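The values are calculated or read from the model by the stated rules, or taken from the named source; none is laboratory data. Note that this is a predicted model, so its numbers are computed, not measured. We place every Cβ from the backbone using ideal geometry, glycine too, and count neighbours over all the protein chains shown.
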Amino acid sequence: MKLGIIGAGNMGSSILKGVTSSNFLENKNITIFDLNKEKIQELSKEYGVKKAENENELAKESDILILSVKPNIIPKVLDKIKDDLSEKTIVLSIAAGISIGFIENIIGTDKKVIRTMPNTPAQVMEGMTAVSFNHNIQENEKSMIFKLLNSFGKSIEIEEKLMHVYTGISGSLPAYVYVFMEALADGGVLEGMPRDKAYEIIAQTVLGSAKMMLETKKHPGILKDEVTSPGGTTIAALKVLEDGKFRGTVMEAVKSCTEKSKEMAGE
Ligand SMILES: NC(=O)C1=CN([C@@H]2O[C@H](COP(=O)(O)OP(=O)(O)OC[C@H]3O[C@@H](n4cnc5c(N)ncnc54)[C@H](O)[C@@H]3O)[C@@H](O)[C@H]2O)C=CC1
Ligand SMILES: O=C(O)[C@@H]1CCC=N1
């Protein structure tokens, strides 16, 4: 099985790092292409993967072809490679707001197309990826794709129409978490905590909190109540967050992300 990656930027290289750290397939069966020659030179050296001379060569030799260029570049790349794809090639897009139908319109409805929405924690094997398949994908191919996606984290099949909101609660979420963590560290610094110590403390605490939710399967409200003593420190902090419309603001952020994804898809 040969895996090709077109576009080795933030997300393409995160997937590359995740896949090459796993046992999904040998690194010699992975080939990358990017217009930035220096980048693919560096990445191929770092991860022991091959580099293609152009998109056409990569499309011809790949069984699974990951498209990880920006959404506006997707039509350009598809136009260029459409004649190099066979009916067996699996085209897997990670682009926000690019539908299966949009891809089929360019390369044909007889082709195997998968739409996914990964996130950058893929590079530390803790990614979360949503996936929707077109009707040409067989059950055994679905299993193989889940193995690929699970090699760098977890994955879940969703209806394609939910991809927009999924982007709002997972694809883009690492950025909101980092802003929250940075703001927490600023609060720590304001109160005299050295910044490097603050980042270490906050990252471990966010990791532990997420792990508790996954492992205990308790409702987040219950986990919150377990931290919140009557008349104590936590409720004093939560009151400030609620006064600042924390929950409403977060909900509006998810809504705005979802709407942007729909707008990018022309919906
Ligand atoms: N960054 C993220 O957290 C996530 C990004 N995505 C999606 O991933 C895709 C890529 O996003 P990023 O990695 O953030 O962008 P990026 O700008 O970091 O990477 C894009 C890469 O594509 C290369 N490129 C441009 N034109 C090309 C062409 N014609 N052929 C080959 N390579 C070409 C660029 O040189 C660059 O290295 C987007 O479609 C985005 O919607 C999806 C989930 C999360
Ligand atoms: O900001 C973006 O458009 C991409 C999609 C999900 C995360 N980053």
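Being farther than 23 Å from Met264 by Cα, assigned by TED's automatic domain parsing to the domain that holds Ile32 and at pLDDT below 95 is the requirement here; does Glu126 meet it? So Glu126 fails the test. Note on segment 131-203: enclosed helices (runs of 4 or more DSSP H) holding 3 or more residues that are free of Cβ contacts under 8 Å to residues at least 40 places away in the same chain, within 30 Å of Ile90 (Cα to Cα) and not acidic (Asp, Glu) are 139-150.
Would you kindly identify the helices (runs of 4 or more DSSP H) lying entirely within segment 4-116 that contain at least 3 residues that are away from ligand 2 (no atom under 16 Å from the Cβ) and within 24 Å of Gly127 (Cβ to Cβ)?
Of the helices (runs of 4 or more DSSP H) lying wholly inside segment 4-116, those with at least 3 residues that are away from ligand 2 (no atom under 16 Å from the Cβ) and within 24 Å of Gly127 (Cβ to Cβ) span 10-21, 37-47.
Of all residues in segment 97-120, which are near ligand 1 (Cβ under 9 Å from one of its atoms) and either modelled with pLDDT of 95 or more or more than 18 Å from Asn10 (Cα to Cα) (or both)? Answer for segment 97-120, where residues must be near ligand 1 (Cβ under 9 Å from one of its atoms) and either modelled with pLDDT of 95 or more or more than 18 Å from Asn10 (Cα to Cα) (or both): Ile98, Thr116, Met117, Pro118, Asn119, Thr120. Need pairs with beta-carbon distance below 8 Å; first residue at negative phi and within segment 13-33, second among the polar types (S, T, N, Q) and assigned to a loop (DSSP other than H, G, I, E, B); sequence gap 6+ or separate chains. Qualifying pairs under 8 Å: Ile15/Ser68; Gly18/Ser151; Val19/Ser151; Ser22/Ser151; Asn23/Ser151; Phe24/Ser151; Thr31/Ser62; Phe33/Asn54.
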